[in-house]
Amino acid sequence: IKPNLYIGNSLKLIEKQTKAFDVIFIDPPYFSGIYEECLSKIIQSNSIKKDGIIILEHVSPVELTSFELEVIKQKTYSNKTITFLKY
């Protein structure tokens with residue numbers, strides 16, 4: 001199986017997708033304040049499959065309590081945090 005890789009503005013890419021993904025990696029510009037908006041759009045647009053994984057790279061805390069996501073792993077490297085979320 002060949003993976004599909006989409007690079008670009010995550011908010012615009014999510015809006016254009018018509019299929020659901022197994023894995024979504026989000027790495028927006030740090031301190032952009034769009035992490036929660038990206039997660040919300042992914043869930044609202046059904047862009048992630050049931051039991052899909054969202055990998056979020058961030059430096060500031062991200063509010064996750066309002067989403068149907070389970071933190072399955074979180075690792076901090078220097079000032080970066082990688083959070084693995086299950087839908």
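The values are calculated or read from the model by the stated rules, or taken from the named source; none is laboratory data. All values derive from a computational prediction rather than experimental measurement. Counting neighbours? That spans all protein chains shown, and the Cβs are built from the backbone with ideal geometry, glycine included.
Here are the numbers for the structure shown:
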read-out	value
Single match in I24, I43 (criterion: outside any loop (DSSP other than H, G, I, E, B), free of Cβ contacts under 8 Å to residues at least 40 places away in the same chain and surrounded by 14 or more Cβ atoms within 10 Å (Cβ to Cβ))	I24
Single residue of E68, E63, E15 found to be at pLDDT below 85 and in a helix (DSSP H, G or I)	E15
Residue match in region 48-56 (condition: within 12 Å of the chain's Cα centre (by Cα), among the charged types (D, E, K, R) and in a strand (DSSP E or B))	no
Matching residues in region 61-85 - criterion: being surrounded by 15 or more Cβ atoms within 10 Å (Cβ to Cβ) and either of a type in the set (D, E) or under 15 Å from C38 (Cα atoms) (or both)	V62, L64, F67, L69, T83, F84, L85
